[in-house]
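A.B. asks: Dropping the structure in here first, questions after.
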Amino acid sequence: MGRDATLYLLERGVRVTGTDAWSWDAPFVHTAARFAEEHDPSVIWEGHRVGHDIGYCHLEKLNGLEQLPDTGFEVSCFPVKIQAASAGWTRAVAIMDV
């Protein structure tokens, strides 16, 4: 997910995003190659940095997503506060009627 894709979601009201991948952005090896070619620092963590323009919460390295239905559930997140940190881990829980 890059800047444009993240903006697309946020401009439509999405305020929480998540992935089971290591990162929201492209693997850093690709970002580093792009930066080496373009010398544009905005390509580094471009999906994450959209949060400077439109605030949103983002979750990474989620697991068990394949067990969720396409619709009909809510997600609650219980974050761990870390002093002087800009990120931390959370326990993300899907709430469904079964």
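The values are calculated or read from the model by the stated rules, or taken from the named source; none is laboratory data. Everything numeric in this text was worked out from a predicted model, so none of it was measured. Quick reminder, even Gly has a Cβ in these numbers, built from the backbone with ideal geometry, and neighbours come from all protein chains shown. The area values use the complete protein model at the heavy-atom level, side chains included, leaving out ligands, DNA and RNA. Shrake-Rupley method; radii C 1.70, N 1.55, O 1.52, S 1.80 Å.
A.B. asks: Please list, ordered by chain and number, the residues whose modelled amide H lies under 5 Å from the amide H of ALA92; skip anything fewer than 5 residues away on the same chain.
C.D. replies: Distant-sequence amide H within range of ALA92: PHE78.
A.B. asks: Whole Å is fine, so just give me how far the alpha carbon centre of region 6-25 lies from that of region 82-98.
C.D. replies: 15 Å
A.B. asks: To continue, here is another question. Please report the projected area of region 1-85's Cα convex hull averaged over all directions, in nm². Before the final figure, lay out the partial values.
C.D. replies: Values: hull surface 28.9 nm².
Value for region 1-85: 7.2 nm².
A.B. asks: With every protein chain kept in place and ligands, DNA and RNA left out, what is the accessible area per residue of the chain? Probe 1.4 Å, answer in Å².
C.D. replies: The answer is 77 Å² per residue.
A.B. asks: Right, next: With a 10 Å radius around each residue's Cβ, average the other Cβ atoms per peptide and rank 18-25, 74-81, highest first. Spell out each step's value before the answer.
C.D. replies: Details: 18-25: 15.4, 74-81: 10.0.
Put in order of decreasing packing, that is 18-25, 74-81.
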